[in-house]
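The structure appears right after this line, and notes come after that.
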Amino acid sequence: MAYFYRWWNEIDDDMKSKVLHIIQNGQLQLNLAGWCMNDEADTHYAGVINQMTEGALFAMQQLKNRSTVGWHIDPFGHTSVTASLWADIGFNAFSISRINFHDLNQRKSDQKLEFVWRGSKSLGRSRDMWTHILDSHYCSPPECAYDDKLFLQDDPSLPSYKPNILDQAQGFVDMARERNEWYRHNNILIPFGCDFAHQNAEKSFVQMDELMAYVNSKSDDFDVTVRYGTLDDYARAINSLNLTWDVYEGDFLPYVSTSR
């Protein structure tokens with residue numbers, strides 16, 4: 001929340017009112033809402049609690065909102081202490097990203113990217129946290145990286161650049177189907193963004209809107225529907241399936257990203 005806090009103090013009351021409206025409307029979600037996304041390997045639990053408290057107080061006092069989910073997408077490894085603390089805070093779901101690549105590949109093969117993480121053996125189920133591991137890092141896949149070099153063209157009247165929307169839609173659906181093989185259900189969480197992404201938000205979102213509209217207009221052909229959503233939306237959708245989950249006890253350390 002540190003960067004959001006700085007921006008919040010720079011905007012006028014009219015903009016603040018608009019922000020509060022989209023938060024209350026569910027269009028903007030405060031994911032985690034700590035003052036930062038703390039490291040997990042070398043932090044003391046008191047510091048973690050303090051920074052989460054700082055962010056949560058700002059969110060509740062200024063934004064009238066309390067986060068129910070969180071993710072740690074960039075700490076280099078993850079510890080069970082985090083799962084225990086987040087369960088105690090009252091989060092409903094947690095998502096992580098950087099785990100040992102051998103473990104990640106095995107979990108994809110076994111469809112075990114989602115599980116209940118027991119943060120404390122002694123405290124048992126009271127420290128259980130439903131957890132989702134991002135299957136392919138936290139950035140937009142190349143098939144929808146519209147804040148990068150990818151450009152969608154659906155206007156046949158432009159002679160210099162032929163329409164590519166069908167190819168891009170097919171590529172996007174193929175990517176989603178490949179990821180679907182790693183899960184026990186048909187709901188896929190695909191990140192849209194990255195470090196420093198959406199600096200030209202209109203460019204990236206207008207094109208993503210067009211891709212989604214095209215895929216959804218041909219949902220009978222693709223057998224796929226696409227929508228914008230938040231981590232909370234995803235967690236609720238999976239929870240509604242009433243699946244049973246493996247319970248994992250332990251850490252995701254040390255972190256190894258590749259075989260090199």
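The values are calculated or read from the model by the stated rules, or taken from the named source; none is laboratory data. Source: prediction; values computed, not measured. Every residue, glycine as well, gets a Cβ built from its backbone with ideal geometry; the counts of neighbours run over all protein chains shown. The protein model used for the area step is the full one, side chains on, heavy atoms only, and it has no ligands, DNA or RNA in it. Shrake-Rupley method; radii C 1.70, N 1.55, O 1.52, S 1.80 Å.
Residues being assigned to a helix (DSSP H, G or I) and in contact with a helix residue (DSSP H, G or I) (Cβ under 7 Å, 6 or more places away or on another chain): count how many of those fall in the stretch 53-67. Final tally of qualifying residues: 2.
Residues in the stretch 187-206 that are surrounded by 13 or more Cβ atoms within 10 Å (Cβ to Cβ) and assigned to a loop (DSSP other than H, G, I, E, B): Asn187, Ile188, Leu189, Ile190, Pro191, Phe192, Gly193, Cys194, Ala197, His198. Listed by position, the strands (runs of 3 or more DSSP E) contained in the stretch 83-149 that have at least 2 residues being without any contact (Cβ under 8 Å) to a residue 60 or more places away in the chain are 128-133. Scoring Arg236 on the criteria (1) more than 19 Å from Leu113 (Cβ to Cβ); (2) within 17 Å of the chain's Cα centre (by Cα) leaves a single failure, condition (1).
When the stretch 72-90 is filtered for residues that are surrounded by fewer than 20 Cβ atoms within 10 Å (Cβ to Cβ) and among the aromatic types (Phe, Trp, Tyr), only Phe76 remains. Here Tyr45 clears all of (1) in contact with a helix residue (DSSP H, G or I) (Cβ under 8 Å, 6 or more places away or on another chain); (2) open to solvent by less than 80 Å² (accessible area, probe 1.4 Å); (3) at pLDDT below 95; (4) closer than 17 Å to Leu85 by Cβ except the condition numbered (2). Which of the residues that make up the stretch 150-169 are surrounded by 15 or more Cβ atoms within 10 Å (Cβ to Cβ) and assigned to a helix (DSSP H, G or I)? Scanning the stretch 150-169 gives Ile165, Gln168, Ala169.
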